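Engineer: Before we start, here is the structure in question, set down as structure tokens.
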Amino acid sequence: MNPGNTVLQGRVLETYARQDVTFVSGEGSWLVDDSGTRYLDLVGGIAVVSLGHGHPAPLAAAHAQLERLWHVSNLYWTEPMAELATRLSARFGGAQAFFCNSGTEAVEAALKYARKATGRPGLVALEGSFHGRTMGALSVTGQPAKRAAFGPLVPGVSFATLNDVESLVGAARSDTGAILIEPIQGEGGVHPATPEFLAAARTLADELGALLVFDEVQTGVGRTGSFFCFEQTGVRPDVTTLAKGLANGLPIGALLVSDEAAGAFEPGDHASTFGGNPVACAAACAVVDEITDELLAGVRAKETLVRDAFPQARGCGLLLALDADRPAGEVVQGAFDRGVLVCTAGPETVRLTPPLTISDEELAQGLTVLQEVLAS
Ligand code: PLP
């Protein structure tokens, strides 16, 4: 099969505007297409392939688990699932986990958890946010264009403006059960929440008796230079979602509920056939073990390299963005033509989410190409 053949492409529903390239292999920060051309990957599967393509640790863990056991369902225990929950709890400082298969599912689980825990249906989310495409996650996604064709959505959501405390307080209702925030809005253009705004959200949630939910699907697992982005903000949420980088590319999502907020779900309240899959969890355990202090220091050092080249860059760690003076798609194409992959986060925003393991030389090479494209 040659997916480059347009007839075969016609059998895939058109939900993506895909680049006209078919990748067949990858190693570290490099991808190879079906004609053997190499590309420097500053996308990393959209902040997913954190340790680089084919990293030996998750590869060996997944391989060993593939040989042992693929799936038993959540009617039984498996070691990798329990191990992963233990590791994530340690990183969080005491939490219980529910495992699923994607970020949007982790958000759905968080919305249901907050409803059950508080008994309140109201939700406060932020304009410009992105939480996923299923009906619940879409309902709290503050991008009207993404919601427009799919109403009616889940009722009771009010949207506040990022970093505007007055607007946040104004969006709260007596029936608010959760305040949902990305510490850095990723898809919405890489806009960080200020520590003051997050602290105000913490206070407001406590006053209301609502749960503070941080969606760390994009910012989590080392992406911003700490395991959770919230560690840099001084604000600890009640509930956190993870997905993307957790298993370096195998599908997984996680809902983490702090020990203090745990206990609302009972057997039968929520479920996922594939959630906690042993292969994905084994790979994720290996990823978590690789997110060392040394690796995190490297992420912060590489952020500095990007800022040296682009002082106007927004974001944190290796979740960074630049506003271009032209449609971001043109920059993506220009870089692609020169063998470097970058992606967009809005019409004029170019996003960089390379593997956290990218070398300084590779990053410098990619930044030089980006500078050439933007100067052209
Ligand atoms: N939440 C955030 C913050 C995201 O960035 C994304 C995806 O980009 C999602 C949720 C949805 O995750 P998924 O595409 O894995 O369903």
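The values are calculated or read from the model by the stated rules, or taken from the named source; none is laboratory data. Keep in mind that what you see is a predicted model, and the values were worked out from it rather than measured. Glycine gets a Cβ as well: all are built from the backbone with ideal geometry, and neighbour counts include every protein chain shown. Just the protein is used for accessible areas: all its heavy atoms, side chains included, with ligands, DNA and RNA removed. Shrake-Rupley method; radii C 1.70, N 1.55, O 1.52, S 1.80 Å.
Engineer: Identify all residues within region 127-146 that are surrounded by 20 or more Cβ atoms within 10 Å (Cβ to Cβ) and either within 11 Å of the ligand (Cβ to nearest atom) or more than 16 Å from Arg173 (Cβ to Cβ) (or both); write none if there are none. Before the answer, list the steps.
Structural biologist: Initially, region 127-146 is screened for residues surrounded by 20 or more Cβ atoms within 10 Å (Cβ to Cβ), giving 129-132, 136-142.
The answer is Ser129, Phe130, His131, Gly132, Gly136, Ala137, Leu138, Val140, Thr141, Gly142.
Engineer: Anything in region 46-81 that is assigned to a helix (DSSP H, G or I) and within 16 Å of Phe98 (Cα to Cα)? List them, or say none. Walk me through how you get there before you give the answer.
Structural biologist: Initially, region 46-81 is screened for residues assigned to a helix (DSSP H, G or I), giving 46-47, 56-68, 79-81.
Those that are assigned to a helix (DSSP H, G or I) and within 16 Å of Phe98 (Cα to Cα): Glu79, Pro80, Met81.
Here is a yes/no grid of residues against (1) under 17 Å from the mean Cα position of the chain (by Cα); (2) within 16 Å of the ligand (Cβ to nearest atom):
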residue: Pro58; (1), (2): no, no
residue: Leu88; (1), (2): yes, no
residue: Tyr113; (1), (2): no, yes
residue: Pro121; (1), (2): no, no
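Engineer: Which residues, taken from region 264-323, are among the β-branched types (Val, Ile, Thr), open to solvent by less than 60 Å² (accessible area, probe 1.4 Å) and not in a loop (DSSP other than H, G, I, E, B)?
Structural biologist: Val279, Val287, Val288, Val299, Val306
Engineer: Let me ask something else about it. Can you name every residue in region 192-231 that is of a type in the set (Lys, Arg), over 23 Å from Ala297 (Cβ atoms) and either without any contact (Cβ under 8 Å) to a residue 24 or more places away in the chain or open to solvent by less than 30 Å² (accessible area, probe 1.4 Å) (or both)?
Structural biologist: Residues of region 192-231 that are of a type in the set (Lys, Arg), as a first pass: 202, 223.
From what's left, over 23 Å from Ala297 (Cβ atoms): 202.
Selection gives nothing.
Engineer: Got a sec? Which of Ala171, Ala178 is more than 28 Å from Ala47 (Cα to Cα), open to solvent by less than 20 Å² (accessible area, probe 1.4 Å) and either within 15 Å of the ligand (Cβ to nearest atom) or in the same structural domain as Ser258 (by TED's automatic domain parsing) (or both)? Can you show your working first?
Structural biologist: Working: Ala178 fails: more than 28 Å from Ala47 (Cα to Cα).
Matching residue, one of Ala171, Ala178: Ala171.
Engineer: Every residue in region 90-111 that is in contact with a Lys or Arg (Cβ under 8 Å, 6 or more places away or on another chain) and within 16 Å of the ligand (Cβ to nearest atom), please. Let's see the steps before the verdict.
Structural biologist: If we filter region 90-111 for residues that are in contact with a Lys or Arg (Cβ under 8 Å, 6 or more places away or on another chain), which is where we start, we get 93, 103-104.
Matches in region 90-111: Gly103, Thr104.
Engineer: When you go through Ala247, Ala205 one by one, which is the residue that is out of contact with any Pro (no Cβ under 7 Å at 6 or more places or on another chain) and at pLDDT 95 or above? Explain how you work it out, then say what you get.
Structural biologist: Working: Ala247 fails: out of contact with any Pro (no Cβ under 7 Å at 6 or more places or on another chain).
Of the residues listed, the single one that is out of contact with any Pro (no Cβ under 7 Å at 6 or more places or on another chain) and at pLDDT 95 or above is Ala205.
Engineer: Moving to a separate point now. For region 82-121, what are the residues that are within 14 Å of Asp259 (Cα to Cα) and not in a helix (DSSP H, G or I)?
Structural biologist: Gly93, Gly94, Ala95, Gln96, Ala97, Phe98
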